Structures are given as C-alpha cells and as structure tokens.
1. Round to the nearest 0.05 the FRET efficiency obtained for D70 and Q207 when R0 = 56 Å and r is the Cβ-Cβ distance.
2. Could you tell me how many degrees, from 0 to 90 and to the nearest 10, lie between the Cα long axis of helix 475-496 and the main elongation axis, the longest principal axis, of the Cα atoms of the chain?
3. Using packing as a proxy for protection, rank 507-519, 27-39 so that the peptide with the highest average count of other Cβ atoms within 10 Å comes first.
4. Shape of region 194-304 from its Cα gyration tensor (a ≥ b ≥ c, root eigenvalues): rounded if a/c is under 1.5, otherwise prolate when a/b > b/c, or oblate?
5. Would you work out if region 467-515 is rounded, prolate or oblate? Take a ≥ b ≥ c from the square roots of the eigenvalues of the alpha-carbon gyration tensor; rounded if a/c is under 1.5, else prolate when a/b is larger than b/c, oblate otherwise.
6. Counting only helical runs of four or more DSSP H residues, what would the 222 nm mean residue ellipticity of the chain come to if each run contributes -39,500 (n - 2.57) and the total is spread over all its residues?
7. How large is ³J(HN,Hα), in whole Hz, for each residue of region 462-467 in order, when computed from phi with the Karplus curve 6.51 cos²θ - 1.76 cosθ + 1.60 and θ = phi - 60°, using x for Gly and Pro?
8. Give the long-range amide H neighbours of K553: residues separated by 5 or more places, or on another chain, with amide H under 5 Å away, using H modelled in the peptide plane at 1.01 Å from N.
Amino acid sequence: MTAFEEFGMLPELGKAIDEMEWTLPTDVQAEAIPLILGGGDVLMAAETGSGKTGAFCLPILQIVWETLKDIQDGKTSRIIQAVSGECTMSFFDRTEALAVTPDGLRCQSRHFNAWHGCRATKGIHTKGVYYYEATVTDEGLCRVGWSAPGANLDLGTDRLGFGFGGTGKKSNCKQFDDYGEAYGKNDVIGCLLNLNNGDIRFYKNGQDLGLAFKLDQSRRSDCYFPAVVLKNAEISFNFGNTPFKYPPNCEYIAIANAPREYVKNNPVCSVACEGAKQVNNAPQAIIIEPSRELAEQTCNQITLFKKYIDNPKIRELLVAGGINVKDQISQLNAGIDIVVGTPGRIEDLIQGGYLALTHCRFFVLDEADGLLKSGCGDMIERLHRQIPKVTSDGRRLQMVVCSATLHAFEVKKMAEKLMHFPTWVDLKGEDSVPETVHHVVVNVDPQEDKSWETAQKKILTDGVHARDNIDNMSPETLSEAVKVLKGTYCVRAIRAHKMDRAIIFCRTKLDCDNMERFLKSFGEDFSCVCLHSDRKPKERKENLEMFKQSRVKFLICTDVAARGIDISGLPFMINITLPDEKSNYVHRIGRVGRADRMGLAISLVATVPEKVWYHGEWCSSRGRNCWNTNLKDERPKGCCMWYQESQYLADIEDHLNVTIQQIETDMVVPCNEFDGKVVYGQKRKQMSSGYQDHVSQMAPKVRSLKELESQAQVCYLRIHYNVDVM
Ligand SMILES: Nc1ncnc2c1ncn2[C@@H]1O[C@H](COP(=O)(O)OP(=O)(O)OP(=O)(O)O)[C@@H](O)[C@H]1O
C-alpha cells in the first residue's frame, strides 16, 4: 500500500502517484486531502512548489469517480432521502451567502450589509397548530417566522412572509411594527402557527409575546414553511426531533411530528433533486486558473493522475483561449466530468449555454488572489451564484481556494462571502519563500557603475527616452542607463553562474522582445524564447514546451508565467525588474526551488527611479505603437510612470518580513549555508525519502508512543476505577 492510499486514496490513484515517484505526500497534501475528501471547504496557503495542485486534484478525482460509480451502479442519491425525510433548513431554497450546516439545523450568514434568507424543507397546510424553536447562536441581526413558497426569502418584506426580528419588530409586507421585545444571542424564539384560526405568535424564552399576525381567511389555505433571514448572524433550529426548551402552554404539534397529510415538501428542493441525473455538459468540478499555461498544466496533471482509473472513466477538458471553441463545445456535449480553464473562456461557454453548472460540486480557484486582483471577483461571484449549493446526491458544494500568497484582504473577503465554514490549511501563517529558494538582489546603480556610457554592446531599450536629452546626469539619463545596465547584468549573471536554464522576468512585453533579441545576439549559448500575451497561443505553447524540454536555455516572460508554471528542477531565475505587485515576487522566484530542489533567484534593482511604460485603460491602442511619454498623472494624460524599485524592494521585504541578501555586481553569491553544499537544480540534500525508509525511521517512535498510551490508560483505570490491569 502506498502512503497516499493509507489516507484513503483509491489504489488506482495510488498507482499513478507511485509511478510519478511521489513517495510521500507533501505537508500541504497531508493536511488538505483528508479535508477535501471529508467534504470541507478549504483555503490552502502553502509555499510555491509545495504540491498544491495534487492536494486538490487528487481528492477531487476520487470523489468525482465515486459519484460516477454510484450513478453507474444506480445507487439512490442521498438527497432524495433527505427530501422525503426530516424537516431541516433547505440547502436549495436560500440566498447565496446563507450557509446551512450539513444537518440542516443551523444557518449562518456573514454578510454585513445584506440580508440572506432560507426556508425549511417541509411546510404545513390546511389545519393544526404547529411550533418550532430557533436559538440565536451568535451576535447579529435575525428575523424568524413563517413564509409561503412564493414569498421572498427576505422574510417579512412581502405579503407571504411573517417575521419577528431581533430588534423587537414584527414584519409583513415591509411593514415593521413594534412587537414583543428585542432578542439576541442565546435567546430561544418559539414560533407558533395556528392554521385553525390563522394566529401567528412568538415566544421569547418561553414567554408568550402575544398575537403577532392574524392570517386572513384567503391566506389560511397556503402552505407555510419555517423561515429565517440573517444579517451577519447565526441561528439554530429545533423542529421537534429533540425536546423543546420552552414548549408552549397550549395544544401544539412540533413540525417534525406534523401529520403526513398536512405536510408538503418545499418545491424548490424537489426541483433540485430532479437534477440527480447525469447531464453531459454539466461537469462535477470547475477549476479556474489565471493563465492558459497553468490551466493546461493542471489539466495534464489530472490526466496523469487518472491514468489507471477505469469503469467509469473520468473525462477532463481544458477550456482556455486559443483552443477551437467548436471542438470544446462538441467535447462538452459528448460528456465531461472536470473542466479546467481560464475565466474568460469558461464564462463565455456558460453564457452561451454550452457549459452548465447544475452538477458542479467542486468550485476551485487556483491562484485565487491573482484571479481577484486581476478583476475576476465579480465573475467568480456570478458563477458561484449559479451553482446549486447542494449536489444532486446530497453533498454540499465544496469550494477550494489556493495560492502561495493567500493572505490577501480580497481573499478573506471573498471567503467570508462565498465559502461555507472553510478550514485554513496554512502551514506558515503568512506568505513566505521556500527554504529551497536562495533569493538575492543586485543593485543597479548607474552613478556608481558608469560602464553604460562606454558599453560596446547594449540592449535595445524601450524607447521611453528616445526624445529626451540624455547627455547629462538628469533623471532621464540615469533611467536610460539603468535599462542598459540591466541588459549587461543579465548576461553577466548568466555567465557568472554558467546558467544553462533560467527563466527571466521582464516588466513589459516590449522589454521581453528586446531581451530576446539581445540574448540571441550572443549566439547559441544564449538560446531563448519569449512568453507573453502578445504571442499567439500556439507560439506560447511551443515556446514553453521548448523550454521545458531544454531545447532552449532561457524563457523570457512577463508575469503571465509568474504563477504556477512548474518546470522540473529549474535552477535559476532572473528578475530584470521587480514586480510592483509584491505577491508576484513570491510567485516569480517560486519558479525555482520546487519539489525540494534548490534554486537561485537574482533580482536586479535600480537605485534610481526608472521611467517606464504604463499603458492604462485610457491608452486606446493599449501600448501598440504608442509613444506617448507623458506621465500617467500628467495633463494631458500619458502612458509612462517613474518606477521606484527601491521602494518596491522595501515593500517586498516588509511583506515577507525578511531582508533579502544583496550581492555585488560581479554576481558572485557569497559563501553561506546554501553555497558549497548545494547545486542549484538538484535536491536539497540526499534524503532517504523512500516510503519504506520513512516507515522504518518512524517505527521506534510509534512503538514508544504506543507504550506511553497504554501506560496512560492503565493509570487512568487505576485512579478512577481502582482496577488493576496487567
Ligand atoms: N508528494 C509529492 N512528492 C514528490 N513531488 C511532488 C509531490 N507533490 C508535488 N510534487 C511535485 O512538486 C512540484 C510542484 O508542485 P505544484 O506545481 O503542485 O506546486 P504548487 O504548490 O502548486 O506551486 P505554485 O504555488 O508555484 O503553483 C511538481 O513538479 C510536482 O510534480
């Protein structure tokens, strides 16, 4: 049995993992896989290269397969039992930010500004006196009561909903009148509906607050469901399956015991249950990635993992720009289980009706902070709203969110709004750099190093200073000098470390193109390709492939390749310019030092401001043939800005709480704990990481733990029960 199988993975998955020579789960995998298998929402924050992709793909594959198998074997779905079973709060008949616990007896909404509501799965009609209790379990605003199926979920705001709110108001038809008294945390509100005479009354901790509403004759034939609406609050329900805390002093029937002939199922739940059948273009998992390269990589990983899974097979599909839409649509129609894609193409297919969200049970946001920072927040919320919150077989929609830089305000806000009691798998508690990444900075100081004045071979710069007078020591001159020096330093770093494989990050597409031309001018030893969004998808794919297969030495790219791209054993990376978004520093340098291999990341940091292009939304051509060198804050508005790299470096250091080691312009990395002991690109140290080795290393500890435990048990029995156990 492999280590992965030991914590519940299918042997077929275990076999594929074994073939990939993953002998032990990484830390994040060991924590996250059981949580996802257990049905939880997970926020996964772990360093770059720590194996997050496997941590979500493996349990998803397993559950998707189990579901397909159940459908194949014709097993009854659990949700149908739930609908015909006990009264609970509905997973279906609720607004999107209201969470319901799996037992259906507690509701929570963490939305501060809006009300979110829910109705129960069972309603009562015709005659009888019915009662249930709601206990406020946290601070916040709530309103409980009764509503008919057609009523708004914002209880008490239309004629079919009757609510009693924590501020001591009763409400129907948006009319809020004083009633009873205010209530809050720990109070138990009893809700009584008398269908014989139309009375609705409420109780607070057993005290009858009097008649709240009288249903007129025409409304008494409606079916009424327990209902709640919350604003940043939590409340639990007892429909009578356990004894009431304050049973009312009159004849009543607990909702749970209502006679069958007077009970109706909530129609919203029944409609949802009909979705239990398989639908071809409705996958069980949607995985959103920020770039097409990353989407393809994750999809490939799924293909590898599922290699031995059969009967039924799992069908995955890559949905990203640059792939023929017609092909994708026909594959979707033929049947698909897991979709991995980029936001734009996924939403296009949904809007076109080609991709359905009705059966989605896993909603995964990889590189979530990146997705949110690039403006996908609204789209994510739109998709989330459309996904049913409980699947056809009664499992709750699971959301998995991951990144190496998850500690961002946007992520926390989104998690509060969309996720259901999520668990953080957060190994370090803050954004951090893996120990395997040796990252250093080199100052680029054109006042100190004047070689730019006399250099024979210079990189073509971005043209920002083409019309500036640069024969004095003006800021413009120094800025141009920085650009020239950075080209020279890049070549120097390559030579000093005899780099034969490196990824080089530039700030703009133009900088990438110029760097490509410059490096190529040094001949075969500097073979390179570019990866940025102006290159056609086919060229991007080919270039990345060439680099992965070591057919070229250098990959020059913008931040499009900063996140997630996994190139095994990549030893070096160079930042020609620091990213202004500090989280991207962590991602860029994280292209090296992955999977326990050592990597060196060198960042060139200008000591003086550098004037650079910044083509915002106001630039009609978005940079193409734009030569407007006015500053973006100037009038008339231009497309340039002064880039303050020293400030960005300080921000990054502050964010990571480290001082990044500085090296001299000769690029020599001084002797320290890394040097001499490691070869960049190779494993950190020769660790006996075989599973068998691990088991034998752990065996003595497990034995002594076992002994200690049995001694503790014996002691306990002796002390408490005076029993002598041998
Ligand atoms: N259990 C394991 N044993 C050995 N290698 C592993 C294991 N899990 C993952 N890897 C390898 O580690 C590398 C990094 O994994 P992955 O791309 O999932 O990292 P990540 O945490 O998603 O990084 P990033 O934050 O940069 O996206 C991959 O090459 C992968 O094959």
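Coordinate-derived values only; no laboratory data. Owing to the predicted nature of the structure, the values given are computational and were not obtained by experimental measurement. Methodologically, a virtual Cβ is constructed for each residue, glycine included, from the backbone with ideal geometry; neighbour enumeration extends over all protein chains shown.
1. Efficiency for this residue pair is about 0.70.
2. Its long axis makes an angle of about 90 degrees.
3. Details: 507-519: 20.9, 27-39: 19.3.
Taking the mean over residues of other Cβ atoms within 10 Å, the ranking is 507-519, 27-39.
4. Details: a/c = 3.22, a/b = 2.42, b/c = 1.33.
Verdict is prolate for region 194-304.
5. Details: a/c = 4.00, a/b = 1.89, b/c = 2.12.
Oblate is the answer for region 467-515, as a/c is 1.5 or above yet b/c matches or exceeds a/b.
6. Numbers: 19 runs with 218 residues, N = 726.
Rounded to the nearest 500, it is -9000 deg cm²/dmol.
7. Couplings: 7, x, 4, 9, 4, 9 Hz.
8. Here S527, C528 satisfy the definition.
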